[in-house]
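> Sending over a structure as structure tokens; questions will come in a sec.
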């Protein structure tokens, strides 16, 4: 079975139900299949070899989802190109991926670096540039079916790029088998229903893409959000009868800070799923006050898409579980291993390692990074974690980010949880700074709520009342805005560099 079959089977069962929707149009499953097949047939006419790479550069839109499904239906390798990346990073991605063709939204064309391959317009604007576009393909190839292409599920379905510790992009090679497992795992974990209305506001180029096939397979509707800005998300949740969405913790924090968010009713919400970064304990409790029983989480990486583990809303009802990422996903084995790759007992902290059919095949043209991350059948995630006595997984932080201060191992997440409880703190990140006395001193960079104020000494003492004093920051740096990557995740290394440069 190939991943596109999740969609194909849904079309047979739910032809007249709405599959895709935005503010301008609603498309039923049968019509979406018609568009997908036409674009897939056009791709096969232009690219005669299955397994060829196709770049897709677009913001969230109906056309974006349609083109992604068409790549799967045509037997092509999807290469997502996030338009929020800088030109230098996109140039590096294109140099590594070497796609045969790029499907690009008109509004994103100026984000692409110079590239001499063919570019086909996606969702063309009235006054946009001339040239071939997918809308023409839908008309010209109406009624045509793409050639069938069953092959071994070990072949590549997508190449997703992630930045390594050096900041250079790494192309994660995801097989059809990996896609099948993550779609089945998400389906099993969250149990999406036929009446699901899933709001797609986090980038489709990243985590949101993992939820498209599971929601469609259930007969649900993908609702394209107008904007990821918190006021637009709040409006969509209230007015579009949304039952499910996927957001990063930062997006949730911003949503809760939006005027009126805490006074709104979200009675239809069943799945407010977050991942991408840990959520602070205080923020978990604030979110549950607004979205009772809806908050859920999953843990994954591009190398193990989205669902290494997960936790449902019912488990969040017990405060003792707050901060956990739940139980292993379907068809996944998780090990907590030491440096010698030996398993550790429950309660002991080690590296989270994963194996099973979910795991990616490696890195594109990067044998050194591949040898480091994939060892003895395990994916070494680079995350430190532990199992509790009930089999739930807890993440303690990134292996390379542990701070050793005065001989003690300090996990940034613990300090961030304590500091984040202060009512003035909106976001924070913690890191180690070289220090002649301590070896490393704990520092923090914080972003305050609008109109809030807080004294550095007050904040340090606040942390000391919660944690051992050795874990309290020696310095706290207040900034206007913490640096974030293209999907809104705080970049710890860049935050450290920013505040250190200012300090100097």
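> Considering only residues that are assigned to a helix (DSSP H, G or I), outside the structural domain of residue 161 (by TED's automatic domain parsing) and under 24 Å from residue 419 (Cβ atoms), which ones fall in region 283-333?
Selection gives 316, 319, 320, 321.
> Kindly establish whether residue 123 is in the same structural domain as residue 214 (by TED's automatic domain parsing) and at pLDDT 95 or above.
The answer is no for residue 123.
> Right, something else. Just one of 222, 242, 204, 186 is more than 23 Å from residue 23 (Cα to Cα), touching a helix residue (DSSP H, G or I) at 6+ places or on another chain (Cβ under 7 Å) and assigned by TED's automatic domain parsing to the domain that holds residue 65; which is it?
Of 222, 242, 204, 186, the one residue that is more than 23 Å from residue 23 (Cα to Cα), touching a helix residue (DSSP H, G or I) at 6+ places or on another chain (Cβ under 7 Å) and assigned by TED's automatic domain parsing to the domain that holds residue 65 is 186.
> Let me ask you something else. Looking at residue 483, is it exposed (fewer than 15 other Cβ atoms within 10 Å of the Cβ), under 17 Å from residue 250 (Cα atoms) and modelled with pLDDT of 85 or more?
no
> How do the pairs read when you match residues in region 388-405 that are under 18 Å from residue 332 (Cα atoms) with residues anywhere that are modelled with pLDDT under 85, using Cβ under 7 Å and keeping only pairs 6 or more apart or on different chains?
Short answer, once both residue conditions are applied: 395/278.
> Next question, about the same structure. For region 85-110, name all the residues that are in contact with a helix residue (DSSP H, G or I) (Cβ under 8 Å, 6 or more places away or on another chain) and exposed (fewer than 15 other Cβ atoms within 10 Å of the Cβ).
87
> When you go through 83, 113 one by one, which is the residue that is in contact (Cβ under 8 Å) with a residue 12 or more places away in the chain, farther than 22 Å from residue 226 by Cβ and assigned to a loop (DSSP other than H, G, I, E, B)?
Of the residues listed, the single one that is in contact (Cβ under 8 Å) with a residue 12 or more places away in the chain, farther than 22 Å from residue 226 by Cβ and assigned to a loop (DSSP other than H, G, I, E, B) is 113.
> Check 440, 434, 456 and return the single one that is closer than 27 Å to residue 251 by Cα, touching a strand residue (DSSP E or B) at 6+ places or on another chain (Cβ under 7 Å) and free of Cβ contacts under 8 Å to residues at least 60 places away in the same chain.
Result of the check over 440, 434, 456: 456.
> In region 375-387, what residues are in contact (Cβ under 8 Å) with a residue 24 or more places away in the chain and out of contact with any helix residue (DSSP H, G or I) (no Cβ under 6 Å at 6 or more places or on another chain)?
Within region 375-387, 375, 376, 378, 379, 381, 383, 385, 386, 387 qualify.
> Just a yes or no: is a residue in region 11-28 under 19 Å from residue 193 (Cβ atoms) and surrounded by 23 or more Cβ atoms within 10 Å (Cβ to Cβ)?
yes
> Can we say residue 346 is more than 13 Å from residue 190 (Cβ to Cβ), part of a helix (DSSP H, G or I) and not assigned by TED's automatic domain parsing to the domain that holds residue 199?
When the stated conditions are applied, residue 346 does not pass them.
> Next up: Go through the residues of region 322-335 one by one and say whether even a single one is over 30 Å from residue 169 (Cβ atoms), buried (at least 22 other Cβ atoms within 10 Å of the Cβ) and in contact with a helix residue (DSSP H, G or I) (Cβ under 6 Å, 6 or more places away or on another chain).
No, region 322-335 contains no residue that is over 30 Å from residue 169 (Cβ atoms), buried (at least 22 other Cβ atoms within 10 Å of the Cβ) and in contact with a helix residue (DSSP H, G or I) (Cβ under 6 Å, 6 or more places away or on another chain).
For every residue, the table says whether it meets (1) surrounded by fewer than 23 Cβ atoms within 10 Å (Cβ to Cβ); (2) on the phi < 0 side of the Ramachandran plot.
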| position | (1), (2) |
| --- | --- |
| 256 | yes, yes |
| 268 | yes, yes |
| 273 | no, yes |
| 280 | no, yes |
| 289 | yes, yes |
| 294 | yes, yes |
| 297 | no, yes |
| 303 | no, yes |
| 306 | no, no |
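The values are calculated or read from the model by the stated rules, or taken from the named source; none is laboratory data. Treat the numbers as computed from the prediction; the structure is a model and nothing was measured. Virtual Cβ from ideal backbone geometry, glycine too; neighbours counted across all protein chains shown.
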